[in-house]
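Reviewing the structure listed below.
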Amino acid sequence: MKTYQVDKNGFYGNFGGAYIPEILHQCVQNLKNAYLKVMETEEFKQEFAQLLRDYVGRPSPLYLAKRLSDKYGCKIYLKREDLNHTGAHKINNAIGQVLLARRMGKKRIIAETGAGQHGVATATVCALMDMECIVYMGKTDVERQHINVEKMKMLGATVRPVTSGNMTLKDATNEAIRDWCCHPDDTYYLIGSTVGPHPYPDMVARLQSVISEEIRKQLLEHEMRDYPDYLIACVGGGSNAAGTIYHYIDDERVKIVLAEAGGKGIHSGMSAATIQLGRLGIIHGSKTLLIQDEDGQIIEPYSISAGLDYPGIGPMHANLAAQHRATVLAINDDEAISAAYELTRLEGIIPALESAHALGALSKIKFKPSDIVVLTVSGRGDKDIETYLDNQPYND
Ligand SMILES: *Cc1c(COP(=O)(O)O)cnc(C)c1O
């Protein structure tokens, strides 16, 4: 049977694999040998499930948004990842990987972060599980994301500002990889999205797949059928989308819509619409689509949403787009902002700016009244209030 899941060599079609320096070969090999073995033990499953329930607050509700549904002429359910502890889906992955790291005998967790959301989730779980935590962050981002930096420090993590390159996410990633090369034995590198060398994209997708597992059960309760007509999610690296679609990926009854960040417009030179603008290249150990110039140099991406301005895209999603399994829409800054205000006024839910891109896709799809739509609200908007205030679409 045709599948869109990863193959045994770590590829999704032409995308993925593990393009890594020789010195990391053993680390990645060890992880590859360990992750499925550990994740399939009863003991891991139980501890993971218990923490997701009692610490994160899962299952997250599947909420029928009536006023939003009326507006778009279909039945829209929101998968409320914004209600998780720490305010987004990233905690699911961080818990799973720290549990794995412990079982691999690691003492030290390293991570890189751009907007700081993944850094906060990682620092949170490291506090909970008493693990040393070092977070690499571009100096520019340290300055832009002051509150998240203070949160990480309060949680006991060490934040290392990176001053190479543009001093943003990809420079922080390079530093984290350098650290891993120097401490291969005691250090676990915790990647926050479905990116990086195999097995990371598959591992992160599996850890986030609790989202679609819950959607199945919850839809069955609400609708007497366990699949929707549409699944909609935003994509930065792709982890909340991967979790949303995981159990439906090979079920062609379910249409998949991915919303990437158009920024100021895909032809404006200020965009993060990686799937539409990207060409095949290698980033962060993975062969995927990436925004690059003629010489293969990465072009700095732009989006109003810090969580979506990544120059690459997870290999799973690159393949879904290439195979036309998913429809990819670029949602511009202003469209995301309007969609966020709309959800706030219609349903009393202030979404994260990233999630607002998924909401922005609603007006671009022609729904039938009988369509059942599940849209993942990946996070809450508390961190984005200033941006919302600076960009108000209403004049009241
Ligand atoms: C980090 C983040 C994203 C983007 O990451 P994915 O791996 O694509 O999910 C989306 N929404 C929120 C709230 C985030 O914090």
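The values are calculated or read from the model by the stated rules, or taken from the named source; none is laboratory data. Owing to the predicted nature of the structure, the values given are computational and were not obtained by experimental measurement. Note that each Cβ is placed from the backbone with ideal geometry, even for glycine, and that neighbours are counted across all protein chains shown.
In table form, for the structure just shown:
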quantity	calculated
Unique residue being more than 29 Å from residue 272 (Cα to Cα) and among the β-branched types (Val, Ile, Thr) when the list is 187, 173, 168	187
Any hit, the range 5-21, residues being part of a strand (DSSP E or B), on the phi > 0 side of the Ramachandran plot and in contact (Cβ under 8 Å) with a residue 60 or more places away in the chain	yes
Failed item in (1) more than 26 Å from residue 278 (Cβ to Cβ); (2) away from the ligand (no atom under 16 Å from the Cβ); (3) buried (at least 18 other Cβ atoms within 10 Å of the Cβ); (4) at pLDDT below 95, with residue 393 passing the rest	(3)
Looking only at the range 46-87, and only at residues there that are closer than 19 Å to residue 365 by Cβ and in a helix (DSSP H, G or I), the one that is farthest from the ligand (Cβ to nearest atom)	70
Among the candidates 299, 372, 349, residue that is out of contact with any Ser or Thr (no Cβ under 8 Å at 6 or more places or on another chain) and free of Cβ contacts under 8 Å to residues at least 24 places away in the same chain	299
Filtered residue count, the range 356-371, keeping only those that are within 16 Å of the ligand (Cβ to nearest atom) and not in a helix (DSSP H, G or I)	1
For residue 23: the one exception among (1) modelled with pLDDT under 95; (2) surrounded by 18 or more Cβ atoms within 10 Å (Cβ to Cβ); (3) aliphatic (A, V, I, L, M)	(2)
Residue in the range 117-127 that is more than 19 Å from the chain's Cα centre (by Cα), under 30 Å from residue 42 (Cβ atoms) and among the small types (Gly, Ala, Ser) present	yes
Matching residues, the range 341-384, being among the β-branched types (Val, Ile, Thr) and under 20 Å from residue 229 (Cβ atoms)	365, 372, 373, 374, 376, 377
Count of residues meeting criterion [farther than 15 Å from residue 66 by Cα, of a type outside the set (A, V, I, L, M) and in contact with a helix residue (DSSP H, G or I) (Cβ under 7 Å, 6 or more places away or on another chain)] in the range 335-354	3
Unique match (being within 14 Å of residue 318 (Cα to Cα) and of a type in the set (A, V, I, L, M)) among 266, 232, 282, 191	282
Residue within the range 240-250 that is away from the ligand (no atom under 14 Å from the Cβ), part of a helix (DSSP H, G or I) and in contact (Cβ under 8 Å) with a residue 60 or more places away in the chain present	no
